[in-house]
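Scroll down for the structure; my scribbles are underneath it.
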Amino acid sequence: MTKKIKSENQVEPIDKTDISAVHTKIKIFENPFATQVSNPKVNLFCANCLRSPTSGEKLQRCGGCNFSKYCSKECQAAAWVVHKTECKRLQACFPNLPLTEVLFLSKVIDRIQFIEKNGDKYEVESERKFSSLVDHKAEIREDKEKMKHFENVFTKISDFRKPEPLEKEKFFDIFCKVTINSHSIHTNAGNEVGMALDLGVTKYNHSCRPTCSMVFDGYRVCLRPLVPGVDAENTEQAFISYIDVGRSKYVRRKELAARWYFHCECSRCTDPEDDTLTAIRCSNSSCDEPILTSENEEPMNIVCPKCKTLVEESTVKNAQEYMKNLPAAFDPQCPADIVVIHKETQISNAI
């Protein structure tokens, strides 16, 4: 490209310095440690590049396992270094297909073993070493549900990889690192494709007020600044969101603590104005002032700052309990959810 639009009918030469400045602000990661298409999506996305086939084309099935599918011979050939051992295991366990998570963790193990034997030939550890990842082992050991899940996964992956012995403690280290550091892959429409572990992406911390967004092209990740002046290369400036930030502070912190074991103190979570998201209606029906509160605040009488009407403690408490019990998402096509949404708008402040 040599020109850019100046106005509807005018163009001017692009300043190459300007191009350079723009491109230094984004960051692209295209060398993941491991990837896996979700089992329900194997007929829709290439097992190697995680893209959907071009219009009019079909994915080609692996003739060995009859499970993995590829968009081209090039992708199938590129995937063979990873799929070779997996293919034999899939044939051996047919028709009992392992969980997506088991297949993904097995690929991580294969990658670790390959690096131990051959070195980092494919430079998947160019950003950082797998061994350097945060694991939160102590917290996971104290999490009964997570440990129950680990035991279940260990049994399944041991069966999938037999007769190869799998040391439980070593696998626990891998399980913890992958649990904390992996991310899901989505299409531009927001549909989940699968999961990935990209060691470059793991360097970025979370914020409920992110300064960068993650845009996917298959397994490739592009970090794009959302704030002027932010360089996506700089992890001191660039923050991503690990969760859906469209929810309340209480829900966000609850999810972050459950999955990543930290109490979020980002700029948004410490901003009192964030409670506007969980504001309730003033008891005075003619007043449009939002009454600020949150799900986990101590219930109390609140005086409306605008009309001075008293919103009683019982009203505040009922609203808080209702918000705590709201589902994570609504389906606008579901009649039951429509009723819930209508009730919510009667309680909360319309913002």
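The values are calculated or read from the model by the stated rules, or taken from the named source; none is laboratory data. Bear in mind the structure is a predicted one, so any value in this text is a computation, not a measurement. Every residue, glycine as well, gets a Cβ built from its backbone with ideal geometry; the counts of neighbours run over all protein chains shown.
Worth pointing out:
- Unique match (being touching a residue at least 60 places away in the same chain (Cβ under 8 Å), acidic (Asp, Glu) and either surrounded by 21 or more Cβ atoms within 10 Å (Cβ to Cβ) or not in a loop (DSSP other than H, G, I, E, B) (or both)) among Asp159, Asp173: Asp159
- Candidates Ser267, Ser294, filtered to the one that is at pLDDT 90 or above, assigned to a loop (DSSP other than H, G, I, E, B) and of a type in the set (S, T, N, Q): Ser267
- Any hit, segment 126-149, residues being in contact with a Leu (Cβ under 7 Å, 6 or more places away or on another chain), among the acidic types (Asp, Glu) and not in a helix (DSSP H, G or I): yes
- Selection over segment 105-125 of residues that are touching a residue at least 24 places away in the same chain (Cβ under 8 Å) and polar (S, T, N, Q) gives a count of 1.
- Flag if Val178 is closer than 18 Å to Val124 by Cα and either at pLDDT 95 or above or crowded, with 20+ Cβ neighbours inside 10 Å (or both): yes
- Residues of segment 205-229 satisfying the condition of being surrounded by 18 or more Cβ atoms within 10 Å (Cβ to Cβ) and farther than 15 Å from Pro32 by Cα: Ser207, Cys208, Pro210, Thr211, Cys212, Pro225
- Taken across segment 221-231, residues that are at positive phi and either of a type in the set (S, T, N, Q) or without any contact (Cβ under 8 Å) to a residue 40 or more places away in the chain (or both) do occur, with at least one present.
- In segment 45-104, the residues that are of a type in the set (Ser, Thr, Tyr) and closer than 19 Å to Arg220 by Cβ: Ser52, Thr54, Tyr70, Ser72
- Some residue of segment 243-251 being under 27 Å from Ile112 (Cβ atoms) and surrounded by fewer than 20 Cβ atoms within 10 Å (Cβ to Cβ): no
- Residue in segment 212-224 that is modelled with pLDDT of 95 or more and in a loop (DSSP other than H, G, I, E, B) present: yes
- Subset of segment 169-219 (residues that are in contact with a Pro (Cβ under 7 Å, 6 or more places away or on another chain) and among the polar types (S, T, N, Q)): Thr211
- Cβ-Cβ contacts under 6 Å between residues 6 or more apart (or on different chains), taken from a first residue in segment 243-257 that is of a type in the set (Ser, Thr, Tyr) to a second residue that is not in a helix (DSSP H, G or I), are listed as Tyr250/Ser294; Tyr250/Glu295; Tyr250/Asn296.
- Output for segment 238-259, where each listed residue is touching a helix residue (DSSP H, G or I) at 6+ places or on another chain (Cβ under 6 Å) and not in a loop (DSSP other than H, G, I, E, B): Lys249
- Checking each residue in segment 298-323 for being modelled with pLDDT under 90, in a loop (DSSP other than H, G, I, E, B) and hydrophobic (A, V, I, L, M, F, W, C) picks out only Met300.
- Any hit, segment 191-205, residues being of a type in the set (Lys, Arg) and either under 30 Å from Pro95 (Cα atoms) or not in a loop (DSSP other than H, G, I, E, B) (or both): yes
- Looking across Cys87, Cys46, Cys65, Cys93, one residue alone is touching a Lys or Arg at 6+ places or on another chain (Cβ under 9 Å) and over 17 Å from Thr187 (Cα atoms). It is Cys65.
- Test: residue in segment 239-249 that is of a type outside the set (Ser, Thr, Tyr), in contact with a strand residue (DSSP E or B) (Cβ under 7 Å, 6 or more places away or on another chain) and closer than 24 Å to Pro327 by Cβ: no
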